[in-house]
Structures are given as structure tokens and as C-alpha cells.
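Only one structure is covered here, and it is reproduced in the block below.
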Amino acid sequence: MQWRNLYRGFFMGISDLIPGVSGGTIAFILGIYDELLVSISGFFSRDWRKHIGFLLPLAIGMGATLLLFSRLIEFLLKNYHAQTQFFFLGLIIGVLPFIARQAKVKKNFRLGHFLVILIVGAALASLAFINPQDTAPITTLTASNALGLFIAGWAGSMAMLLPGISGSFVLLLLGVYSTAIGALSNLNIPIIAVIGAGVVVGFVVSSKIISYLLTHFTYVTFAVIIGLIIGSVFVVYPGFPKDGSYFVMSILTFFIGLLVASLFSSPGKATIINE
């Protein structure tokens, strides 16, 4: 068992609670993105025992964080929204040099790759102008809403694995973010189970697709990922606080995020391209 994945799961779980921050980006920062995709893809194969040691501690860390910190994240976003978002901005921007090293941008990228970055980044940044209206939380599971919650979990999990796209933001766009957070905060097991089933199915399907693209269309896929991460900066950016003390705290949390990203995405971290 790779028990150090407990703390990695902690950070990924925290990010997955934040609309606008991608768990895939955190996996990049922690240097485990490629192994995560391989393990999820292979979990339901004959070699599942080989992958359970990686996934189980990660899942425990993520699950415990989602249950324990859902109310804390709600509190921070409500009372210290700018400071919290600036911390994650630091994380997101801080991971870009790591990804550039993985993709060997100077050596492998051509004009077409930079156009892909521009187009994808602009497309995601446009979501910053969308003000999604979350619906009232669902507290009772019925046959009519179960399918919708399952599909929402599927869509959210596919976004979680893509750096730059927040699964929570997708849930917000689909109007079920408050339902998911409420279910976690109040341990509404039926709703957690339905959304969780969608998440599991989405993980398996999307991990295979992303692994295929990274293997066969490596640098175009990296260009898309870089574009997604750059675009997510505009989605997460909350605007500078007008209050002087809040402004200083936001700048401080931003640089803390940069520092954390640089510590976790040092040159010695695992590579994503298998040479």
C-alpha cells in the first residue's frame, strides 16, 4: 500500500470541493497524474491487485476529506472567498512550469500547439462570464431524480480528471452542487451513493480516453491541458478585494499556493510521458 497517497488524496479532495479548481491539476502538482490514469484504467482488469495499493489510500484520503471538510470549505468560501481562491490561483499557476517541462514545450511545440492553447484557454475562460444558478438542494432520492444525479456525477468526475476543469464547477453548471455538498455535510447516504456511482463510472471511462490521447496524441493533448489550466485561472480569479487587509491576505495566500505548487512539482517528480 502506498500510504503516502493519504495526504495526496487529502489535497485532491480539498480541490474537488472548490468550484473552479480541478483535482486533475492537483494530481499534476503532486506528480501522480500518469499513475492515477493507469491505475483507474486497470482497476477493473485482471491486474486489479497491482493498482489497489495505489488507489485505496488515495480514495480513503479523498473520501475522508470530502466528508470532514465540506462544511469548512463552505465556511471559507463564504467568509474568506477571495483569500481561498487566491491560494488555489497560486497552485494552478505554479503547476504550469512542471507541465511545460513534461511536455518539453520548447522542443516539441509548434505554432499549431500554441493555437490549441489559445483556443482552449479562451473557451474555458469564457465560463468566467457564466453565472450558474444552482437549484435548491435535493434531500430525498426518487426514481425521477436518481438518473439526473448519476449523470451529474459522471460528468463531474470526467472533469475532475482533466487538469483545468473543475468537477465542482460542472456540478454547479448542472445545478446539483448544493445537493452534493449538502449530502456530504449531512451524510445523506442514498444521494452520496448515486452521485458516487456516477463518479466511479466516469473515472473509468474518462481515464481510458485520456490515457489513449496522451499515448497517441501526446503533445496536442498537452497543449489542450495547458490551455485548460490557463483558462481556469480566469474562472477561479475572484477579483481583488477592496479592503486593504483582505488584499494583503489574498496576496499572501497566492504566494503560499505558488510555494506549495513549486514544492510538490519539483523536477524530480514523476514524469507523464513514457519516453
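The values are calculated or read from the model by the stated rules, or taken from the named source; none is laboratory data. As the structure is a computational prediction, the values presented were derived from the model and not from experiment. Here the Cβ positions follow ideal geometry from the backbone for every residue, glycine too, while neighbour counts run over all protein chains shown. The area values use the complete protein model at the heavy-atom level, side chains included, leaving out ligands, DNA and RNA. Shrake-Rupley method; radii C 1.70, N 1.55, O 1.52, S 1.80 Å.
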Query raised in the report: Quick one: how many residues across segment 137-157 are buried (at least 21 other Cβ atoms within 10 Å of the Cβ) and not hydrophobic (A, V, I, L, M, F, W, C)?
Result: 3
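Based on this model, can you work out whether A125 counts as in a helix (DSSP H, G or I), among the aliphatic types (A, V, I, L, M) and open to solvent by 20 Å² or more (accessible area, probe 1.4 Å)?
Numbers: in a helix (DSSP H, G or I): yes; among the aliphatic types (A, V, I, L, M): yes; open to solvent by 20 Å² or more (accessible area, probe 1.4 Å): no.
Taking the combined requirement at face value, the residue does not satisfy it.
Scan segment 42-64 residue by residue and report those that are of a type in the set (V, I, T) and open to solvent by 50 Å² or more (accessible area, probe 1.4 Å).
I60, the sole residue that qualifies.
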